[in-house]
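The values are calculated or read from the model by the stated rules, or taken from the named source; none is laboratory data. Since this is a predicted model, take the numbers as computed values, not measurements. Please note: Cβ atoms are built from the backbone with ideal geometry, for glycine as well, and neighbour counts cover all protein chains shown. Protein only, heavy atoms only, side chains kept; ligands, DNA and RNA dropped before computing areas. Shrake-Rupley method; radii C 1.70, N 1.55, O 1.52, S 1.80 Å.
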Amino acid sequence: MYNEKIDEIIYLLKNNNISDFIASLSLIVAIIAVIVTIIINVRENKKYINSLKPLLSFSLYEMNGLLLLLVKNNGQSEAKNIRIEVLELKNNGNNSKLMLDAIFKDEFMLYPTEETQGIIAISGKNIETNIFPEVKLNISFIEGNDNKKIEYCRTITFTRKMEEKDRLENIEDSIESISYSNNRIANYIEGRTLFTFDRMNVIPKNSLYKDMKDAFNNVEREDEQEDSDNE
């Protein structure tokens with residue numbers, strides 16, 4: 001039985017042109033290659049489109065006695081028809097009443113790296129009460145890369161914004177540096193020690209007047225002699 005099948009295959013090969021067989025095989029391989037290429041391109045295109053999705057981030061912080069919600073698009077395409085519904089406010093002291101800006105009542109749009117913010121409530125912080133509020137949101141928008149509608153619910157916790165404090169500290173450091181520099185120049189020019197606490201605690205051992213006088217008189221003054229003169 002097996003010998004008959006083998007003989008049949010040999011007969012078919014003998015009665016068919018080998019070139020036709022190779023051409024048919026090449027055609028099949030080419031078709032398979034095209035199909036594989038199409039599948040790979042579809043997957044890569046899908047990955048690329050997904051990489052362009054908008055990505056909304058949120059930050060809840062306090063400023064001038066108000067609670068504000070910052071919304072930023074960190075994605076690569078626009079987020080359209082954004083609607084943010086504030087459902088609940090917790091841990092805001094005795095004040096859980098919402099006071100929403102118009103931005104949280106209407107739809108809006110954010111392009112990549114674009115951000116917006118709005119008031120959601122009055123801060124419940126006072127002398128006796130320390131707050132750490134959190135707000136529950138219902139978020140919906142349309143992705144600009146594929147026009148797919150996204151809807152989800154999440155809770156945003158309080159963020160203590162330190163940027164303003166950092167700016168003030170930097171300004172204070174700059175003013176102190178200028179003050180220290182002026183103090184050292186004055187000590188040298190006037191030939192006296194101004195009692196200002198300097199980070200380097202620099203005490204001048206000479207003055208511009210003495211240096212000029214010694215230069216005209218061709219006098220070289222040693223540190224030990226100068227210290228004894230100061231005493």
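Couple of notes before you dig in:
- The number of residues in the range 79-133 being touching a helix residue (DSSP H, G or I) at 6+ places or on another chain (Cβ under 9 Å) and open to solvent by 80 Å² or more (accessible area, probe 1.4 Å) comes to 3.
Let's see how each residue does on (1) over 29 Å from residue 49 (Cβ atoms); (2) at pLDDT 90 or above; (3) not in a loop (DSSP other than H, G, I, E, B):
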{"residue": "80", "(1), (2), (3)": "no, yes, yes"}
{"residue": "86", "(1), (2), (3)": "yes, yes, yes"}
{"residue": "129", "(1), (2), (3)": "yes, no, no"}
{"residue": "135", "(1), (2), (3)": "yes, yes, yes"}
{"residue": "142", "(1), (2), (3)": "no, yes, yes"}
{"residue": "151", "(1), (2), (3)": "no, yes, yes"}
{"residue": "156", "(1), (2), (3)": "no, yes, yes"}
{"residue": "167", "(1), (2), (3)": "yes, no, yes"}
{"residue": "179", "(1), (2), (3)": "yes, no, yes"}
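- Applying the criterion of being assigned to a strand (DSSP E or B) and either touching a Pro at 6+ places or on another chain (Cβ under 7 Å) or not hydrophobic (A, V, I, L, M, F, W, C) (or both) to the residues of the range 57-78, the residue that is farthest from residue 128 (Cα to Cα) is 73.
Residue by residue, here is whether (1) polar (S, T, N, Q); (2) modelled with pLDDT of 85 or more; (3) under 19 Å from residue 156 (Cα atoms) holds:
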{"position": "19", "(1), (2), (3)": "yes, no, no"}
{"position": "43", "(1), (2), (3)": "no, yes, no"}
{"position": "99", "(1), (2), (3)": "no, yes, yes"}
{"position": "102", "(1), (2), (3)": "no, yes, no"}
